[in-house]
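Data first, discussion second: the structure below is written as structure tokens.
All of the numbers you see were taken from the coordinates with simple rules; none came from a lab. What you are looking at is a predicted structure, and each value in this text was computed from that prediction instead of being measured. Virtual Cβ from ideal backbone geometry, glycine too; neighbours counted across all protein chains shown.
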Amino acid sequence: MSSKPAVLIVDDQPANRIALEALLDDFDIELLQAASGEEALTLLDANDVAVVLLDVQMPGMDGYEVARQMQRGSRTRAVPIIFVTAINRDLEHVMQGYASGAVDFLTKPINSEMLQGKVRVFLELDRRGRELTQANTALTRSLQEVERLKHHNDLLLKSIGEGIISLDRRGNVIFANPAAHALLGQTAPIIGHSLSDHISGPGANKSLEDMLRTCLASDRWQGVLTCSRQHMTFPADLIATPLKDDKGFIAGVSIAFQDVSERQQRENELRRESERDPLTGLINRRGLERLLPRRLAYGGEKLALLYLDLDHFKDVNDSHGHHAGDIVLKAVADRFQTAMRQSDLIARVGGDEFCILVTAENPAEAAEIVARKLIDVSNEPLSFGSLSLVLGASVGIALPDRSSMPEILMRRADEAMYAAKRQGGNCFVTASR
């Protein structure tokens, strides 16, 4: 292992690599460079890397695929990735990046101060991680070495913001730093406590058993568990590693954890934004595709799916332009929402296409009532300037059976909608099961 932290630059353009190298010249680091995704993965397998500066747009294996490959590797999944991209930092690309494993983004042209600031943070995290690893190694060598390093380690563990806990083989706490006590809301020492006393939520005991079993088998475990803090709970990101004694025997588990409440809140906000249609305020296809499997799994027998297409919306766009079309779509969506029952859910899944989830004791009957109501609403004149527009709607209805998959249910409702179109529109058709 090199004494210097390593930073890996991945970019297929030599000029870009040279530019990034120049911006990092003041750092005391080992600089690695790769011109392709394949070369980057080879270097990552052979070197410990503090952070990867990864270009998104590369021929062959692009940055997203490199990140996904890193997530699959036990050696590389914890390596931080900063995506360097010329793509606009819109929500779709941000979500794709975070889903691939990114922890941050930089957009071209690179702001040197921003780049250096971000790299400095990850180098500091790498430094602390190395110190913690070295401390754990020293702890396993001998009791004499433990005593010699105790004062230094105490200072180190008090200075970092992460909670550090060591467990014996039964899962009882044998060490906890001040940050761990603060995160768990404990003023008295927790030595001797079972870690299960501070973990809550469904499946907590199973997750703890899995963590202990994995680490006692000499492997690393990482996950998010719900921790208790006085009268509240918080999500904690845990990294657990085996703790060995001076003979190499696994004596317990060392855990580093932190409160990720704010991170999860930001992720949830991003997810909600990504699942919302900005024009109408309705959920979009992405949101529907996430919700539909849940609705089918829990109460699918009381569910009906309607697929609605506005019959004459294309005429509005063709005659009056897309701005007029947007105004009409928003007005129609508002009317649909007003006409819907509170228990039903409506999504905009395409240009002038909507899906409605109807929940009722008799879903077939309720779906027909909702379909008629929406068709009636679509035939109410819409004022646009001096014009009065009537759109009409074609609706397809699909009822799930026990074997229905979400995509199959969507396709059946879509096909039924086109059947209604073939009948002249302004009507509904129920798909046969």
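Multiply the residue gap between A217 and H320 by 0.36 nm, knock off their C-alpha separation, and tell me the result in nm, one decimal place.
30.3 nm
If you keep only loop residues by DSSP, which GluC sites (Glu not before Pro) in the range 316-388 have at most 14 other Cβ atoms within 10 Å of their Cβ?
E361
Report for the chain the percent antiparallel among DSSP-assigned beta bridges with both residues inside it, nearest 5.
70 percent
What lysines could a cross-link reach from K118, if we take a straight Cα to Cα line under 28 Å and drop same-chain neighbours fewer than 8 places away?
K4, K108, K158
What spacing in nm lies between the two simple spin-label points modelled at L382 and T107, each 7 Å away from Cα in the Cβ direction?
So the label points at L382 and T107 sit 3.2 nm apart.
Give the span of the range 275-430's Cα atoms along each principal axis, as three whole-Å numbers ordered largest to smallest.
That works out to 50, 32, 24 Å along the principal axes.
Hey, what number do you get for the chain at 222 nm if only DSSP H runs of n ≥ 4 count, each worth -39500 (n - 2.57), divided across all residues, to the nearest 500?
Calculated from helices alone, the mean residue ellipticity at 222 nm is -14000 deg cm²/dmol.
For R290 and S3, what is the calculated FRET efficiency with R₀ set at 51 Å and r taken between the beta-carbons, to the nearest 0.05?
0.65
Which whole-number value in Å³ per residue fits the convex hull of the alpha carbons of the chain?
It is 203 Å³ per residue.
Using R₀ = 41 Å, calculate the FRET efficiency as 1/(1 + (r/R₀)^6) where r is the Cβ-Cβ separation of T359 and I239; round to 0.05.
FRET efficiency, T359 to I239: 0.50.
What are the ³J(HN,Hα) values, in whole Hz, obtained from phi via the Karplus relation 6.51 cos²θ - 1.76 cosθ + 1.60 with θ = phi - 60°, for each residue of the range 227-244 in sequence order, with x given for Gly and Pro?
Result, rounded to whole Hz: 9, 9, 9, 6, 9, 9, 10, 8, x, 10, 8, 10, 10, 10, 10, x, 10, 9.
Roughly what would the spin-label model give for A297 and A22, points 7 Å off Cα along C-beta, in nm?
For the pair A297/A22, the computed spacing is 5.2 nm.
Rg/Rh for the range 6-125 to two decimals, with Rh computed the Kirkwood way over all alpha-carbon pairs. Working shown, then result.
Details: Rg = 12.9 Å, Rh = 14.1 Å.
With Rg and the Kirkwood Rh in hand, the quotient comes to 0.92.
Exactly which trypsin sites (Lys or Arg not before Pro) in the range 191-292 are in a DSSP loop and have at most 13 other Cβ atoms within 10 Å?
Qualifying residues, ordered by number: K247.
Suppose each label sits 7 Å from its Cα in the direction of the beta carbon; what would the D401-K206 distance come out to in nanometres?
That separation, rounded to one decimal, is 3.1 nm.
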